[in-house]
1. Among the strands (runs of 3 or more DSSP E) confined wholly to segment C:152-245, which include 3 or more residues that are under 14 Å from the mean Cα position of the chain (by Cα) and at pLDDT 90 or above?
2. Six or more apart or on different chains, Cβ under 7 Å: which pairs go from a residue in segment B:15-31 that's free of Cβ contacts under 8 Å to residues at least 12 places away in the same chain and farther than 14 Å from B:Ile206 by Cα to one that's surrounded by 14 or more Cβ atoms within 10 Å (Cβ to Cβ) and of a type outside the set (Lys, Arg)? Could you list them?
3. Spot the failing condition for C:Thr170; the list is (1) at the interface with chain B (Cβ under 10 Å from one of its Cβ atoms); (2) touching a Lys or Arg at 6+ places or on another chain (Cβ under 8 Å); (3) surrounded by fewer than 18 Cβ atoms within 10 Å (Cβ to Cβ), and only one is missed.
4. Among the residues of segment C:200-218, what is the count of those that are within 11 Å of chain B (Cβ to nearest Cβ) and more than 18 Å from C:Val27 (Cβ to Cβ)?
5. Within segment C:118-132, does at least one residue satisfy the condition of being within 14 Å of chain B (Cβ to nearest Cβ), part of a helix (DSSP H, G or I), on the phi < 0 side of the Ramachandran plot and surrounded by fewer than 21 Cβ atoms within 10 Å (Cβ to Cβ)?
6. Filter segment A:212-227 for residues that are free of Cβ contacts under 8 Å to residues at least 24 places away in the same chain, part of a helix (DSSP H, G or I) and within 13 Å of another protein chain (Cβ to nearest Cβ); which is nearest to the chain's Cα centre (by Cα)?
7. Can you name the number of the only condition in (1) on the phi > 0 side of the Ramachandran plot; (2) in contact with a Lys or Arg (Cβ under 9 Å, 6 or more places away or on another chain) that C:Glu90 fails?
Amino acid sequence: MKQFLTFVKKEFAHVLRDRKTMVILFGLPIVQILIFGFALSNEVKNSKIVIADYAKDNISQELIAKIEASQYFEIEKSLMRQGEIEAAFKTGKIKMAIVFPENFGHDLMHDNKSQLQVILDATDPNQATTLTNYISSVVADYQMELNKTNAAPLQILPETRMLYNPQLKGAHNFVPGVMALVLMLVCVMMTAISIVREKEIGTMEILLVSPFKPILVVLSKAVPYLILSLVNVISILLLSVFVLDLPVNGSVLLLIAESTLFIITSLSLGLLISVRTQSQQVAMLISLMGMLLPTLLFSGFMFPIENMPLPLQIISNAVPAKWYYIIVKNIMIKGLGFASIWKETLILLGITLFLTTVAIKNFKIRLA
Amino acid sequence: MQAVTLNNITKTYGKEKTVAVDNVSFTVNKGELFGLIGPDGAGKSSIFRMLTTLLLPDGGTATVDGFDIVKDYKSIRNTVGYMPGKFSLYQDLSIEENLNFFATVFGTTVEENYDLIRDIYVQIEPFKKRRAGKLSGGMKQKLALCCALIHKPTVLFLDEPTTGVDPVSRKEFWEMLKRLKAQDITIVVSTPYMDEATMCDRIALIQNGKILGINTPEDAVKAYDWNLYKIRARKMYNLVRDLNSYQNTLSCYAFGEYLHLSLKQDDARTKADLLHHLDSLGHLDVELAPIEPTIEDCFIKLLKN
Amino acid sequence: MEVVIKTDKLTKRFGDFVAANEITFEVSKGEIFGFLGANGAGKTTAMRMLCGLSIPSSGEATIAGFDVYKQTEQIKRNIGYMSQKFSLYEDLTVVENIQFFGGIYGLSDKTLKSKSEELINQLGLQSETKKLVGSLPLGWKQKLSFSVAVLHEPKIVFLDEPTGGVDPVTRRQFWDLIYEAAEKGITIFVTTHYMDEAEYCNRISIMVDGRIKALDTPGNLKKQFSAGSMDEVFYELARGAKRGD
């Protein structure tokens with residue numbers, strides 16, 4: 001027993017004296033609780049929706065007021081035509097559109113039933129389902145209220161239309177997410193480890209003392225991972241098309257081109273990590289903690305970003321995976337072209353250039 | 001032109017500015033086999049890293065092949081050969097692949113300078129497809145040497161190439177280095193093994209970042225100005241204790257089979273006194289004879305000063 | 001003379017490869033026994049069996065009276081170990097290291113306190129006790145390491161290349177410590193690449209290609225091989241080795 005305690009005492013000493021471990025042991029749970037508690041929820045709040053009221057009668061106004069009163073939606077009222085509504089969905093600005101047809105109130109009074117058009121962006125089927133449920137419950141509530149004062153039962157029928165993913169397949173959401181995750185993981189972690197390994201064995205020293213430009217050493221390490229990652233992307237696409245039944249609605253070439261850009265972004269991130277770390281373990285830790293976790297949390301693929309407090313939303317803008325995820329969704333699922341993603345592409349390009357420059361500037365041509 | 005020059009080179013590490021290399025100066029002539037002899041932590045690796053431009057000195061200047069180590073580092077990196085400690089090779093590449101790689105890195109081919117490495121390479125050639133990680137210490141040494149030579153460097157820096165290797169392989173390695181000298185390559189080697197010092201043209205003894213002395217091995221021995229004796233008796237442990245408490249002892253320490261002894265006052269009389277003293281203490285089979293000092297004796301004397 | 005190590009045809013096989021082949025020898029109490037051999041000759045394998053760290057494939061051995069197959073735990077409790085690669089925890093202080101290793105071997109608090117004072121005074125480390133071992137120069141680390149290994153006065157202490165890379169003066173101080181321990185009756189089993197250290201031993205064995213090819217006092221070996229030094233003896237034996245190169 002005494003021996004056991006001796007060991008325990010020693011282990012405490014090791015742990016308490018290792019600053020890096022302490023940060024992870026205490027910092028990480030606190031950060032996790034804060035993030036999971038405040039930022040991440042599968043609930044869908046503050047979804048941007050558009051209400052087009054062509055009826056402009058008492059009933060439509062009342063129902064709209066009720067919808068407004070619920071906290072779930074951020075409403076933009078405007079009289080959009082069908083084409084404009086579709087365009088708004090394409091840019092991802094809105095998740096749902098509710099259209100009150102011209103004769104909404106009239107039909108309700110005369111036929112005892114009326115239809116309400118509800119259009120949803122179903123690229124995230126969970127979100128779409130949740131929104132449908134919300135709107136249905138608000139409508140049902142209102143319907144019940146109306147029926148208290150009416151003799152004949154009135155029916156308001158929401159007619160839902162799911163855009164982009166009519167069958168509400170989950171794959172639509174997670175395939176792009178997995179692509180972002182896999183590329184990030186392989187490129188960042190593997191590149192970082194590979195370069196740091198050379199430092200650890202000592203071969204990096206020999207390479208430095210040679211005519212070979214160090215930058216070429218680094219690039220030569222990136223190339224195998226670039227090619228492997230492209231192979232990965234193609235395999236994922238093949239699987240998703242033929243096994244998961246999720247077709248690529250947009251241009252495959254564009255998708256591959258954007259993926260290449262994202263790969264390069266990830267490689268430069270890996271490079272930056274390797275330049276600043278001296279041991280493979282630390283490189284791996286930073287890659288996992290620093291890259292994987294934020295990618296999971298802030299890319300928008302598991303948890304909607306709109307739900308997070310503003311500071312975290314701003315942070316999520318720095319996560320390259322977030323932009324890539326949007327790009328992939330737009331191409332694969334919404335079938336859109338470059339015009340819809342030029343902004344995100346530009347942002348990714350900017351991030352890449354920034355990372356690469358910082359990495360190269362920090363690359364040490366000497367040991368210390 | 002000197003192959004390597006150091007002028008008041010100093011290097012400190014860390015916030016406390018621990019001094020690893022303390023005002024070191026020496027020169028190496030072209031074609032020389034120069035040994036930097038000293039224990040771990042003496043500053044040998046730091047000096048090598050500065051000379052190969054991997055570290056910047058905190059004070060002083062140095063040149064390699066006439067190039068300044070700070071300003072002209074690129075030129076130095078193009079022409080020197082360097083093997084850091086522990087034979088840094090690619091463990092998962094074969095002998096052949098490692099050699100080809102390093103040749104390419106220096107913009108040459110294995111064939112171009114094959115004559116230079118032939119004598120060494122033929123010893124490992126039968127195993128050329130074996131992965132470097134699976135080689136014995138001696139073979140790794142030979143491969144590392146080939147890789148450092150393959151581009152015909154003007155100056156070769158070898159940092160502790162014989163550490164951790166058995167005495168037989170160590171001896172063979174130094175034979176290889178001697179043969180290389182004939183090819184007019186300047187070789188700077190560091191080692192903690194004192195006995196290897198005699199294989200060098202000139203040596204610098206270093207401890208705690210300071211140079212204790214620079215000389216040819218022969219001159220280092222000549223500079224040893226104490227009389228040195230070897231002495232043994234039946235009970236060595238007691239002999240050491242007794243000699244260390246004897247008032248005429250200048251220094252006495254174990255040296256393999258014998259003890260090495262120097263006396264403060266040394267004439268026929270004091271020698272007789274010594275033997276008499278030991279006899280009175282009950283020592284049997286006492287053997288006393290004068291000897292030539294070795295480099296290790298020189299090192300110990302310099303350390304004690 | 002009490003025999004503390006006794007082996008009889010001790011062998012270790014890894015598949016087809018025989019790393020240590022029929023090792024047979026005896027070591028008496030208080031002896032300083034040098035265990036030499038080239039890299040790859042099988043020294044480490046043999047030592048691991050003797051320390052109770054590896055079960056032999058065949059053959060017999062008793063270490064400090066305990067059987068090497070069935071009583072490995074008792075063996076470990078009665079021996080000390082020190083190697084060049086690992087000696088002490090660099091991020092613990094001198095005192096903490098002493099306390100830790102003393103604790104593992106079950107020394108009582110009182111014994112530990114008095115022994116640790118003795119050790120610190122003997123090595124002259126009074127002003128360094130609270131320093132992290134990592135900040136000590138190599139020579140002091142090695143000496144401290146040895147002292148810690150014999151803190152619990154084991155019957156045998158195994159030293160694996162303990163003086164590698166250390167300066168000549170410290171090396172000799174280290175051997176002074178070894179001699180003192182041997183005087184106290186602790187048997188020393190040491191491997192080394194320094195041939196002059198082979199001379200400090202009472203007897204040495206030299207392993208080549210997994211077998212013991214020589215076993216005697218340094219003086220007798222030199223006579224046997226008509227050699228002027230242990231260096232030459234070693235060279236004679238080791239250069240015919242097939243393993244390693």
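The values are calculated or read from the model by the stated rules, or taken from the named source; none is laboratory data. Quick caveat, the model's predicted, so the values are computed rather than measured. Using ideal geometry, Cβ is built from the backbone for each residue, glycine included, and neighbour counts are taken over all protein chains shown. Keep in mind that these areas ignore ligands, DNA and RNA; they rest on the heavy atoms of the full protein, side chains included. Shrake-Rupley method; radii C 1.70, N 1.55, O 1.52, S 1.80 Å.
1. Filter on segment C:152-245 gives C:156-160, C:187-191, C:203-208.
2. Sorted first by the residue in segment B:15-31, then by its partner, the pairs are B:Thr18/B:Thr12.
3. Result: C:Thr170 passes all but (3).
4. 1
5. Within segment C:118-132, not a single residue is within 14 Å of chain B (Cβ to nearest Cβ), part of a helix (DSSP H, G or I), on the phi < 0 side of the Ramachandran plot and surrounded by fewer than 21 Cβ atoms within 10 Å (Cβ to Cβ).
6. A:Ser220
7. (1)
Here's the yes/no breakdown for (1) more than 14 Å from chain B (Cβ to nearest Cβ); (2) open to solvent by less than 50 Å² (accessible area, probe 1.4 Å); (3) of a type outside the set (Lys, Arg):
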{"residue": "C:Thr7", "(1), (2), (3)": "yes, yes, yes"}
{"residue": "C:Glu22", "(1), (2), (3)": "yes, no, yes"}
{"residue": "C:Glu26", "(1), (2), (3)": "yes, no, yes"}
{"residue": "C:Phe33", "(1), (2), (3)": "yes, yes, yes"}
{"residue": "C:Leu36", "(1), (2), (3)": "no, yes, yes"}
{"residue": "C:Thr44", "(1), (2), (3)": "no, no, yes"}
{"residue": "C:Arg48", "(1), (2), (3)": "yes, no, no"}
{"residue": "C:Gly52", "(1), (2), (3)": "yes, yes, yes"}
